[in-house]
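The values are calculated or read from the model by the stated rules, or taken from the named source; none is laboratory data. Since this is a predicted model, take the numbers as computed values, not measurements. As a convention, Cβ positions derive from the backbone with ideal geometry for all residues, glycine included, and neighbour counts pool all protein chains shown. Accessible surface is based on the protein model in full, side chains and every heavy atom, while ligands, DNA and RNA are left aside. Shrake-Rupley method; radii C 1.70, N 1.55, O 1.52, S 1.80 Å.
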Amino acid sequence: MSTPINAEKDFANKRNFIDDFEAPDFYQIDDLLTDEHKIIRSSARDFVKKEITPYIESWAEENHFPLEIVKKMGDHGIFGPTIPPEYGGGGLDYTSYGLIMQEIERGDSGMRSTASVQGSLVMFPIYAFGSEEQKKKFLPKLASGEFLGCFGLTEPNHGSNPAGMETKISDQGDHYLLNGAKMWISNSPHADVAVVWAKNEDKRIKGVLVERGMEGFTTPKTTGKWSLRASATGELVFNNVKIPKENVLPGKDGLGAPLACLDSARYGIAWGSIGAAMDCFETARKYAKERIQFGKPIGSFQLVQKKLAEMFTEITKAQLLNFRLGQLKDQGKATSQQISMAKRNNVEVALNIARESRQILGGMGITGDFPIMRHMMNLESVITYEGTHDIHLLILGKEITGLDAFV
C-alpha cells in the first residue's frame, strides 16, 4: 500500500492530466467566437502541448532559454499575427492575437513574453512607425523566427518614468551616435535587432533600430532570476554605436510612440495572464478531486470548494473583460486606460489564483511536479512589467478624476 507521500508522487507523475481539460467557459463565451477564432486557439494549444509543456519544468529549473523555440514559434505563426501577410504576418484580428497569447501563457509566462515582445514591441513599431524599407527588411525575418527582436525602453534609473530616459542619440551628419544603457530587456541576449528609444539634442524621443554586430553594442545577460527563468533577459549597452540614418523610425517620435507599443503588449498580457490562471485552476481542480484526506476527496470540503468557486468566477469575469476589449481593439476604439484596467485586473487575478491553487496542493504545490509555483514566480514579474500594478491604478485614477497623480 502506498504511503500518503508516495500517493501524492504517483499523482504528480500524471502531469498530462491537464490535456483532458478544456478552459472554463461558464458563460459560453465560445458562442461569441468565430470558427476561425476557435481553430486558432486550438492550434496554439496544440503547439503548447507539443513544444512547451513537456519541457518547461526542466527549462525553468535549469534557467534555460530554448533558442530553438523561436523558429518553431515563427513557423507556427505566433509572431506578429496581426501584421499584414505581405510583411510575413497572419493578418488576424486582435481577438485571435489575444487567444494565442492566452494559450502560450498557459504553457509559461516566459514563453509568452518571448512572443509578446517579438510581436507587440518589435514588429508593431516597425510596422506602425517604420519606413517601407525597414518593414521589408525586418518584418518577414521577425515573423518567421529567423530574427529575434527586443525592445529597449527601461533604464537603470528610469523604469516607471520613461520620460526621464538618459540614453541619447546625437546627429553626426551622415549618421547618429547612440550612447546609454537599457535593462530588464526580454530577448536581449539573443536579439538580432533592438527597437531602442533615445533622446536627441532637442530632448525629443526617437526610435532607432540597433542591429547585432554594430560596433559598441553589447547585450549582457541578466543572471540570478527567480522568475521567468525560461525567458532570456539582459541589458542593452551602447558605447558610441554608429546608427545609420535609415535605421531611425520615421513615422512617429515623442513618448507617445513607445507608449503605443506598450499598449499593444499590455493587451496581450491581459489575455496571457488568464492563461496562466487557467492552468493553475485546472491543476487545483483535478488535484482536489483525486487527493484523499479524512477518507474522501479534499474537493468535497467547503473551504476547498470556496477557493475553486472564487477562482472559477474570477477567470470567467476576466474572460469577459478580455473578449470585450478584443472587440474594441478590432474596432480601433480601445483606449490606453481600458487596456490598463484589463492588464492590472487580470494579472492580479492570475497571481491570486496561483497562490490559492498552491494552497490546495499543499506541499506538492511547491514542487516542479506541478506548474503552480513556476506560474506564481513568473506572475510576480508580470505584475510589475509593462507598467507596475500601482502605475496602472494611477492611470485609471486620472481617467476617473481628471487629476494627474504623476505630477
### Task
Under 7 Å between Cβ atoms, at least 6 apart or on separate chains: pull out the pairs that start in the range 144-170 with a residue that is touching a residue at least 12 places away in the same chain (Cβ under 8 Å) and end on any residue that is small (Gly, Ala, Ser) and in a loop (DSSP other than H, G, I, E, B).
Ser144/Gly88; Leu148/Ala191; Gly149/Ala191; Cys150/Ala191
### Candidate set from the range 373-407 (those that are among the β-branched types (Val, Ile, Thr) and either outside any helix (DSSP H, G or I) or touching a Pro at 6+ places or on another chain (Cβ under 8 Å) (or both)); member that is surrounded by the most Cβ atoms within 10 Å (Cβ to Cβ)
Ile383
### Message
Going by what's in this entry, would Ile269 be described as surrounded by 14 or more Cβ atoms within 10 Å (Cβ to Cβ), within 30 Å of Leu121 (Cα to Cα) and touching a Lys or Arg at 6+ places or on another chain (Cβ under 6 Å)?
### Response
yes
### Task
Filter the range 234-261 down to residues that are open to solvent by 20 Å² or more (accessible area, probe 1.4 Å) and assigned to a loop (DSSP other than H, G, I, E, B), then give me how many there are.
5
### Message
Need a quick list: strands (runs of 3 or more DSSP E) entirely within the range 160-216 having at least 2 residues that are at pLDDT 95 or above and of a type in the set (Gly, Ala, Ser).
### Response
175-186, 193-199
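Listed here are the residues, each with its yes/no results for (1) in contact with a strand residue (DSSP E or B) (Cβ under 8 Å, 6 or more places away or on another chain); (2) open to solvent by less than 30 Å² (accessible area, probe 1.4 Å); (3) in contact (Cβ under 8 Å) with a residue 12 or more places away in the chain.
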| site | (1), (2), (3) |
| --- | --- |
| Met123 | yes, yes, yes |
| Tyr127 | no, no, yes |
| Tyr176 | yes, no, yes |
| Gly180 | yes, yes, yes |
| Val193 | yes, yes, yes |
| Ala198 | yes, yes, yes |
| Ile205 | yes, yes, yes |
| Thr219 | yes, yes, yes |
### Message
Taking the criterion of being under 26 Å from Asn161 (Cα atoms), out of contact with any His (no Cβ under 9 Å at 6 or more places or on another chain), among the aliphatic types (A, V, I, L, M) and crowded, with 17+ Cβ neighbours inside 10 Å, would at least one residue in the range 313-322 satisfy it?
### Response
no
